[in-house]
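The values are calculated or read from the model by the stated rules, or taken from the named source; none is laboratory data. Predicted model only: the values in this text are computed from it and were never measured. Cβ coordinates were reconstructed from backbone atoms using ideal geometry, including for glycine residues, and neighbour counts include every protein chain displayed.
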Amino acid sequence: MTNRMKLLAALLASTATGVAHAQERPAVSQEAAEGNEIVVTAQKIEQRASDVPITISALSNARMRELGVSDLDELSAYVPGLNIQEQSANNPGIVIRGITSDSGSAQQAARVTLYYNGIDISRSRGAYQAVYDLDRVEVIKGPQATLFGTASAVGAISMVSARPRAGFSGELSGGIGNFAQRQLGGHLNLGSDVIAGRVAFEWKKRDGYVRNLSATQGDLYAQNQLGVRASLRFTPSDALTVDLIGTYDRQRNSGTPFISKLYPTARGPADPFGYANLSGSPLSKGALGAAKLGLNRHVYDGNLTISHDFADGWNFTTVNGYRSFDSLEIFDADGSAAWYLEFAEGAYGSQISHESRFAYSDDHVRASFGWNVFHENSRQEVPFSSEEGTYLQCAANVIKGLGCVAPDGTVTAAQATGLLTRGAATVIPYRSIFGNKGINDSYSMFGEVTWMPTARLEVTAGIRALIEQRKSGYFAVAPKSVLTGAPLIPGQATTNGTRWTQDSFQAFLPRFNLLYRLSDGINLYGTISKGRRSPTVNQGAAAPSLIPEETVWNYEGGIKASKGIVSGSLGVYYQKYSNFQISRVVTDANDPSGRPVGAQITESAGSASNLGVEAELLLRPASWFSVFGNIGYINGGIDKTKANGVYAGNKFRLQPEVQAAGGFTVDAEIGGGIRVFATPSVTYRSKIYFEVPNKEAISQDGVMLVNARAGLSFADRRYEIAAYIRSATNERYLLDAGNTGGGFGNPTFIPAEPRFYGAQLTGRF
């Protein structure tokens, strides 16, 4: 038995000593009677969202269906302070309050905790999770270390899947749309009050929305993904619940459209919103791992939660999980037909986690304390393929007048090897590889006490004590070029194996909350909390460098209301960062990090601050009609002081100053068991920068999108036909810019999705 399996067995065995109340005990997922407010478990107990003294946005599965949300990134348009950039399922950039967490490096810690059924899945290449058959999604903003661990330096997203229940029920849904969209999904539930099971799945496939002129590659940004989840619930008594959940996710999506503005195609000048001509490497299968551009990703997830009310007011919770992922993404980083910057990223990782917590509650006190053990082992490998003469010509113009790509799209640089060798060779393939590894263990104890001296007042104090052991490794194999006698990528050097650096770190992360009930349904709240991003060891070919921990103090307060036809919230926050960590692409062969050109590293940009306002409002004047709106404002960035050097005064990456959404929902009976429903909405996001330091050429101006979902249901909602449209005005805007090509002086641009529309049929039984 491997050490990893021994550890997993030990953790699972530890659950036999006790069981849990409610870390993931099924919260009431229907809307509360007053204000149609969802009940959440952000504080590990069931509460109305308005009674939680932290800033939280929660959407039930029914609400996501109304809005037409089918992927995690679409959710962010309706949550103020949240922005999710899904460059691919392998590379989701998750932004809360202007702070992003999207590095694929195995050496770097996350800032945003993604929780899936109570388990931290924050490692970025393994974090993407399909959002089918969920009970709800909760977005908790601000540092939440006492509740969600050290990775929640700026917030957390908690996804809770639907649980099995007594009885027989099911759902089957299918749909079609433009770009040959095909969708099929549903669930089957069967069980008694003692034991119940549930199986859910989702399959989605469509053609790429960016036409690729290459004869050897397909169109870009096609989608082919499958998710399957099996759940088992055992409830031998009212006091004991056991949940076992297994999930499998797979993506086989076509290549990301990295489009250069420098290199034309046969259809005309380079245009990020026009045709692409990405040919990749002719030796891709052997050099990079697969013949075609695109992503092949697999995720396996297992979760065991046991809960038991073992005494009056007392509970014990234990949640145990295992997750592994492997992904290979082939991409053409030069954005042209040239055999120039052809890369792959292989990301592999596994994690084992265990958390247990005791909880006590009476009329005047709520308290909890527990421990957490987390182990992860991950690595990132980046192979590179090029043709030597083509690389030298495109990168350095070694033959004057030859160029790289001609105006008609012809790759003139392909002639360079023949000219440089005087015909001795016409093609000289080149391959190198570099990568990083991380083996991280964390151990923490945490506790929190809420004192309720009166029915109107709650005072909370909590702390997490953390010990981390982080081991970082770097390796590279960089042969010498036949033409130059040196590695082709500047700064790259062979390491003769993996170079390791190991260290231990400690931290104490407190949180203080105050909740005051002005009246029934109207609450004031205040929060002070500390967040932390773990130190980063930049282990490269040169001497390693330690990037100190990033810390943030968060201060916020506001008002929440759920009364009559009105529910909503208004909050103000201020965050102060020390040693703010930024990721940048190496552009200089002599970079002090010792990493090669094109590599992504982490360094401290100094101090930073963030001031913002968030508001959400729901009006329901009738049972069949509601109006909703939200807005978030952020004035933040790296502090404008001399000590922060070139980063001073820069906005955070992917941080919009204003983000807003609004619309209405109609769901009305028109007779004979037939209902009509519709949810049109408008979303807006102001200008964002894709890199730090900010560059106007690597940015996107404000974007407004119009979306809608509408249809008819029959036989008391048993059957449903719906139509949807996203980006109804076919807005042209960028999803990302800069990317790997930017490190070589050739930034590339990724167009966001165009207009999508389709229809769905659903049957429930």
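Considering TYR573, TYR555, TYR577, which residue is among the aromatic types (Phe, Trp, Tyr), closer than 30 Å to VAL627 by Cβ and part of a strand (DSSP E or B)?
Details: TYR555 fails: closer than 30 Å to VAL627 by Cβ; TYR577 fails: closer than 30 Å to VAL627 by Cβ.
Only one candidate passes the filter, namely TYR573.
Conditions tested, residue by residue: (1) within 24 Å of the chain's Cα centre (by Cα); (2) buried (at least 20 other Cβ atoms within 10 Å of the Cβ).
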residue: SER699; (1), (2): yes, no
residue: SER713; (1), (2): no, yes
residue: ARG732; (1), (2): yes, no
residue: GLY745; (1), (2): no, no
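Take VAL405 and tell me if it is in a loop (DSSP other than H, G, I, E, B) and in contact with a Pro (Cβ under 8 Å, 6 or more places away or on another chain).
Numbers: in a loop (DSSP other than H, G, I, E, B): yes; in contact with a Pro (Cβ under 8 Å, 6 or more places away or on another chain): yes.
Yes: the conditions hold for VAL405.
Based on what the data block shows, is ALA476 under 30 Å from ASN397 (Cβ atoms), in contact with a Ser or Thr (Cβ under 6 Å, 6 or more places away or on another chain), among the aliphatic types (A, V, I, L, M) and touching a residue at least 12 places away in the same chain (Cβ under 8 Å)? Show your work before the answer.
Working: under 30 Å from ASN397 (Cβ atoms): yes; in contact with a Ser or Thr (Cβ under 6 Å, 6 or more places away or on another chain): yes; among the aliphatic types (A, V, I, L, M): yes; touching a residue at least 12 places away in the same chain (Cβ under 8 Å): yes.
Yes: the conditions hold for ALA476.
Checking the conditions here, which among ALA416, ALA395, ALA478, ALA465 is touching a Phe, Trp or Tyr at 6+ places or on another chain (Cβ under 7 Å), hydrophobic (A, V, I, L, M, F, W, C) and buried (at least 20 other Cβ atoms within 10 Å of the Cβ)?
Numbers: ALA416 fails: touching a Phe, Trp or Tyr at 6+ places or on another chain (Cβ under 7 Å); ALA478 fails: touching a Phe, Trp or Tyr at 6+ places or on another chain (Cβ under 7 Å); ALA465 fails: buried (at least 20 other Cβ atoms within 10 Å of the Cβ).
On inspection, the qualifying residue turns out to be ALA395.
Listed residues SER472, SER442, SER504; which is closer than 30 Å to ALA589 by Cα, hydroxyl-bearing (Ser, Thr, Tyr) and assigned to a strand (DSSP E or B)?
SER472
Out of ALA678, ALA737, ALA661, which single residue is among the small types (Gly, Ala, Ser) and more than 27 Å from GLU616 (Cα to Cα)?
On the way: ALA678 fails: more than 27 Å from GLU616 (Cα to Cα); ALA661 fails: more than 27 Å from GLU616 (Cα to Cα).
Sole residue among the options that is among the small types (Gly, Ala, Ser) and more than 27 Å from GLU616 (Cα to Cα): ALA737.
Among the strands (runs of 3 or more DSSP E) contained in the stretch 41-107, which hold 3 or more residues that are among the β-branched types (Val, Ile, Thr), touching a residue at least 40 places away in the same chain (Cβ under 8 Å) and over 26 Å from GLY526 (Cβ atoms)? Reasoning before the result, please.
Details: elements: 56-60, 82-86, 92-96, 99-101.
Qualifying strands (runs of 3 or more DSSP E): none found.
What number of residues within the stretch 86-117 satisfy the criterion of being more than 24 Å from ASN554 (Cα to Cα) and either at pLDDT 85 or above or not hydroxyl-bearing (Ser, Thr, Tyr) (or both)? Give the derivation first.
Just the residues of the stretch 86-117 that are more than 24 Å from ASN554 (Cα to Cα), to begin with: 86-92, 104-107, 116-117.
With either at pLDDT 85 or above or not hydroxyl-bearing (Ser, Thr, Tyr) (or both) added as a condition, the list becomes 86-92, 104, 106-107, 116-117.
Result for the stretch 86-117: 12.
Check GLU376 against each of (1) at pLDDT below 95; (2) of a type in the set (D, E, K, R); (3) under 30 Å from GLY521 (Cα atoms) and name the one condition it does not meet.
Condition (3) is where GLU376 drops out.
If you check PHE325 against the conditions, is it assigned to a strand (DSSP E or B), out of contact with any Asp or Glu (no Cβ under 6 Å at 6 or more places or on another chain) and within 18 Å of ALA89 (Cβ to Cβ)? Working first, answer last.
Numbers: assigned to a strand (DSSP E or B): yes; out of contact with any Asp or Glu (no Cβ under 6 Å at 6 or more places or on another chain): yes; within 18 Å of ALA89 (Cβ to Cβ): yes.
It is true that PHE325 is assigned to a strand (DSSP E or B), out of contact with any Asp or Glu (no Cβ under 6 Å at 6 or more places or on another chain) and within 18 Å of ALA89 (Cβ to Cβ).
Among the residues of the stretch 166-175, are any modelled with pLDDT of 95 or more, under 24 Å from the mean Cα position of the chain (by Cα) and assigned to a strand (DSSP E or B)? So that I can check it myself, show each step before the final result.
Start the filter on the stretch 166-175 by keeping residues that are modelled with pLDDT of 95 or more, which leaves 166-175.
Applying the additional criterion that residues be under 24 Å from the mean Cα position of the chain (by Cα) yields none.
No, that holds for no residue.
Are there any pairs, at least 6 apart or on different chains, whose C-beta atoms fall under 7 Å, with the first in the stretch 446-460 and without any contact (Cβ under 8 Å) to a residue 60 or more places away in the chain and more than 10 Å from HIS364 (Cβ to Cβ) and the second surrounded by 13 or more Cβ atoms within 10 Å (Cβ to Cβ) and among the hydrophobic types (A, V, I, L, M, F, W, C), and if so, which?
Pairs found: VAL459/TRP451; VAL459/LEU514.
Check the stretch 138-151 and report whether any residue there is assigned to a helix (DSSP H, G or I), more than 17 Å from the chain's Cα centre (by Cα), over 30 Å from GLU720 (Cα atoms) and polar (S, T, N, Q).
Our first condition is that a residue be assigned to a helix (DSSP H, G or I); within the stretch 138-151, this holds for 145-148.
After this cut, where a residue has to be more than 17 Å from the chain's Cα centre (by Cα) as well, the list is 145-147.
Among the residues that remain, those that are also over 30 Å from GLU720 (Cα atoms) are: 145-147.
Remaining after also requiring polar (S, T, N, Q): 146.
Yes, some residue in the stretch 138-151 is assigned to a helix (DSSP H, G or I), more than 17 Å from the chain's Cα centre (by Cα), over 30 Å from GLU720 (Cα atoms) and polar (S, T, N, Q).
Working carefully through the options ALA156, ALA130, ALA196, ALA200, find the one that is surrounded by 24 or more Cβ atoms within 10 Å (Cβ to Cβ) and in a strand (DSSP E or B). It would help to see each step written out before you state the result.
Numbers: ALA130 fails: in a strand (DSSP E or B); ALA196 fails: surrounded by 24 or more Cβ atoms within 10 Å (Cβ to Cβ); ALA200 fails: surrounded by 24 or more Cβ atoms within 10 Å (Cβ to Cβ).
Step by step, each of ALA156, ALA130, ALA196, ALA200 is checked, and only ALA156 is surrounded by 24 or more Cβ atoms within 10 Å (Cβ to Cβ) and in a strand (DSSP E or B).
Output the residue which, of all residues in the stretch 552-566 that are hydrophobic (A, V, I, L, M, F, W, C) and under 30 Å from the mean Cα position of the chain (by Cα), is surrounded by the fewest Cβ atoms within 10 Å (Cβ to Cβ).
TRP553
Residue-wise test of (1) of a type in the set (A, V, I, L, M, F, W, C); (2) touching a Ser or Thr at 6+ places or on another chain (Cβ under 9 Å); (3) at pLDDT below 95.
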residue: ASP362; (1), (2), (3): no, no, yes
residue: GLU388; (1), (2), (3): no, yes, no
residue: LEU392; (1), (2), (3): yes, yes, no
residue: GLY401; (1), (2), (3): no, no, yes
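When residues of the stretch 240-275 are filtered for being more than 28 Å from the chain's Cα centre (by Cα) and aliphatic (A, V, I, L, M), how many remain?
5
Can we say PRO143 is closer than 30 Å to GLU614 by Cβ and touching a residue at least 40 places away in the same chain (Cβ under 8 Å)? Talk me through it step by step, then tell me what you get.
On the way: closer than 30 Å to GLU614 by Cβ: yes; touching a residue at least 40 places away in the same chain (Cβ under 8 Å): yes.
Judged against the criteria, PRO143 is a match.
What pairs can you find where one residue is in the stretch 652-680 and among the hydroxyl-bearing types (Ser, Thr, Tyr), the other is modelled with pLDDT under 95, and their Cβ atoms are less than 7 Å apart, with a gap of 6+ or different chains?
As it stands, the answer is THR665/GLU66; THR679/GLU66; THR679/LEU67, since those pairs meet every condition given.
Taking the condition assigned to a loop (DSSP other than H, G, I, E, B) and either at positive phi or among the charged types (D, E, K, R) (or both), does ARG584 pass? Quick ask: steps written out before the conclusion?
Working: assigned to a loop (DSSP other than H, G, I, E, B): no; either at positive phi or among the charged types (D, E, K, R) (or both): yes.
When the stated conditions are applied, ARG584 does not pass them.
What's the total number of residues in the stretch 171-181 that are touching a Lys or Arg at 6+ places or on another chain (Cβ under 7 Å) and either surrounded by fewer than 16 Cβ atoms within 10 Å (Cβ to Cβ) or among the aliphatic types (A, V, I, L, M) (or both)? Quick ask: steps written out before the conclusion?
We begin by selecting, within the stretch 171-181, every residue touching a Lys or Arg at 6+ places or on another chain (Cβ under 7 Å); these are 171, 176, 179-181.
Then keep just the ones that are either surrounded by fewer than 16 Cβ atoms within 10 Å (Cβ to Cβ) or among the aliphatic types (A, V, I, L, M) (or both); that gives 176, 180.
The total comes to 2.
Here's the yes/no breakdown for (1) on the phi > 0 side of the Ramachandran plot; (2) not in a loop (DSSP other than H, G, I, E, B):
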position: PRO693; (1), (2): no, no
position: ALA710; (1), (2): no, yes
position: SER713; (1), (2): no, yes
position: ARG717; (1), (2): yes, no
position: ILE721; (1), (2): no, yes
position: ALA737; (1), (2): no, yes
position: GLY745; (1), (2): yes, no
position: TYR757; (1), (2): no, yes
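When the stretch 445-469 is examined, which residues are found to be under 30 Å from ASP520 (Cβ atoms) and either of a type in the set (S, T, N, Q) or part of a strand (DSSP E or B) (or both)? Quick ask: steps written out before the conclusion?
In the first step, residues of the stretch 445-469 are kept if they are under 30 Å from ASP520 (Cβ atoms); the result is 448-462.
Those that are under 30 Å from ASP520 (Cβ atoms) and either of a type in the set (S, T, N, Q) or part of a strand (DSSP E or B) (or both): GLU448, VAL449, THR450, TRP451, THR454, LEU457, GLU458, VAL459, THR460, ALA461, GLY462.
Quick one: which of ARG718, ARG709 is surrounded by 14 or more Cβ atoms within 10 Å (Cβ to Cβ), farther than 21 Å from ILE634 by Cβ and charged (D, E, K, R)? Full working, then the answer.
Working: ARG718 fails: surrounded by 14 or more Cβ atoms within 10 Å (Cβ to Cβ).
Every option except ARG709 fails the conditions.
Just checking, how many residues over the stretch 176-189 are more than 19 Å from LEU244 (Cα to Cα) and part of a strand (DSSP E or B)? Break it down stepwise before answering.
Pass one, the stretch 176-189, residues more than 19 Å from LEU244 (Cα to Cα): 176-186.
Now restrict to residues that are part of a strand (DSSP E or B): 176-177, 181-186.
Residues in the stretch 176-189 being more than 19 Å from LEU244 (Cα to Cα) and part of a strand (DSSP E or B): 8 in total.
When you go through ARG357, ARG379 one by one, which is the residue that is basic (Lys, Arg) and either outside any strand (DSSP E or B) or surrounded by fewer than 22 Cβ atoms within 10 Å (Cβ to Cβ) (or both)? Before the answer, list the steps.
On the way: ARG357 fails: either outside any strand (DSSP E or B) or surrounded by fewer than 22 Cβ atoms within 10 Å (Cβ to Cβ) (or both).
Just a single option satisfies the conditions, and that option is ARG379.
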